[in-house]
Amino acid sequence: MAEPTDLNAVQAQTLIDSLPWLTLFRGRTIVVKFGGNAMVDENLKRAFAQDMVYLHHVGIRPIVVHGGGPQISAALAARGIASEFRGGLRVTSPEAMEVVRDVLTGEVSAELAALINEHGDLAQAVSGETQGLFTGQRRGTVVDGEAVDLGCVGEVVAVDPTVLSNLLDAGRIPVVSSIAPDGDAPGQVLNVNADSAAAAVAVAVGAVKLVVLTDVAGLYSDWPNRDSLVSHITASELAAMLPGLESGMIPKMTACLEAVAGGVDKAAIIDGRVPHSILLEIFRGSGVGTEVVPDEPAEPTGIKAG
């Protein structure tokens, strides 16, 4: 028999160290917003799929919500449709919306579900149109003080979690694409922000945590000073910082605020460029990104900080 090595001891200790978090999260739902570099890098996509399978097999109930900005831009360009952005938001014509729907449901969701299902028949791709999951409402934006019509762009104003609860109870991993029927215009579909959609899902299903993947290590209080990474912040502290953040970070941090305001215990943004960062976030006491918590939790939940 081979002699034990230091590496064996480290691996065993890593497993033992995860035991408290396995105990606390078992049977609970975690919503993960899949995005950033992890969506386009093949190795990161496969690592993400492995993470979801791992969570499932240790008794955690993951739900994945995703967008698909890079894939949408590429598909629009291939069809000769120009991508236009106003105030950092995509202007979506009815013609472009058909492409958005095809890419999100037929490409991104299908590929991610297939990667998860390489490890067993686990993932089920759904969209905001599936069994009335989302109800959307059209929204515009303001650029230089003027209202701008974004076309078929909206926000999620209601979530019926029945389809997600049924899938989770059946031992499946829902993979949700961020499109929503327009509640004010039957037959019309809207492109909705995936960060906000993930927060709405987390609230609706009573998730214990929302995790948002991005392309930075977390929230910086003095960007681009790399020493100003914030590891833990309350909702009120974040709300005070929000107006001064970089435009790309605002929807992600707003989603974290929406989640904890809606009763989710904790929300975190983490670096999706790091393989298996989700496991590091969930099964380590310190976490790896920026964690957002309510100002005054109603009562202790026993769930870790991070």
For region 39-94: span of alpha carbons on each principal axis (Å, largest first)
45, 21, 19
Just to check I understand the Karplus step: with θ = phi - 60° and J = 6.51 cos²θ - 1.76 cosθ + 1.60, what whole-Hz values come out for region 13-26, glycine and proline as x?
5, 4, 5, 5, 5, 7, 4, x, 6, 4, 5, 6, 8, 4
Using modelled amide H (1.01 Å from N, peptide plane; none on Pro or chain starts), what sits under 5 Å from the amide H of ALA158, excluding residues fewer than 5 places away?
THR135
Counting only residues 5 or more places away or on other chains, whose amide H sits under 5 Å from the amide H of VAL212 once H atoms are built in the peptide plane?
LYS33, ALA268, ILE269, ILE270
Which one, VAL103, ILE179, LEU279, is farthest towards the positive end of the dipole of the chain when Lys and Arg carry +1 and Asp and Glu -1 on their Cβ?
LEU279
Point-charge dipole on Cβ atoms (K/R +1, D/E -1) for region 1-123, about Cα centre, debye to 20:
520
When ranked by the protection proxy of mean other Cβ atoms within 10 Å per residue, highest first, what sequence do the peptides 104-117, 170-183 form?
170-183, 104-117
Nothing charged except the Cβ atoms of Lys and Arg (+1) and of Asp and Glu (-1): what's the magnitude of the dipole of region 26-293 about its Cα centre? Round to the nearest 20 debye.
620
How large is the helix-only mean residue ellipticity at 222 nm for the chain, computed as the sum of -39500 (n - 2.57) over DSSP H runs with n ≥ 4, divided by its residue count, in deg cm²/dmol to the nearest 500?
-10500 deg cm²/dmol
Ranking request for peptides 184-190, 68-74: highest mean number of other beta-carbon atoms within 10 Å first, then the rest in descending order.
68-74, 184-190
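Convex hull volume of the Cα atoms in the chain, per residue, in Å³?
Dividing the Cα hull volume of the chain by its residue count gives 152 Å³.
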Determine the sum of side-chain charges near HIS119: Lys and Arg each +1, Asp and Glu each -1, restricted to other residues whose C-beta is under 15 angstrom from that of HIS119.
-1
Lys/Arg +1, Asp/Glu -1 at C-beta; the chain dipole; positive extreme among GLY87, THR214, PHE25
PHE25
What's the Cα-based Rg to Rh of region 127-196, Rh via Kirkwood?
1.08
Lys/Arg Cβ at +1, Asp/Glu Cβ at -1, dipole of the chain taken about the Cα centre: which of ASN166, ALA147, MET253 is farthest positive-ward?
ASN166
Residues with beta-carbon under 13 Å from that of THR214, excluding THR214: net charge, scoring Lys, Arg +1 and Asp, Glu -1?
-2
Within a Cβ distance under 13 Å of MET253, other residues only, what is the Lys/Arg minus Asp/Glu net charge?
-3
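Taken together, the values in this text are just the output of simple stated rules run on the coordinates, not laboratory data. Model, not experiment: these values are computed from the prediction. Heads up, the Cβs are rebuilt from the backbone with ideal geometry, glycines too, and the neighbour counts pull from every protein chain shown.
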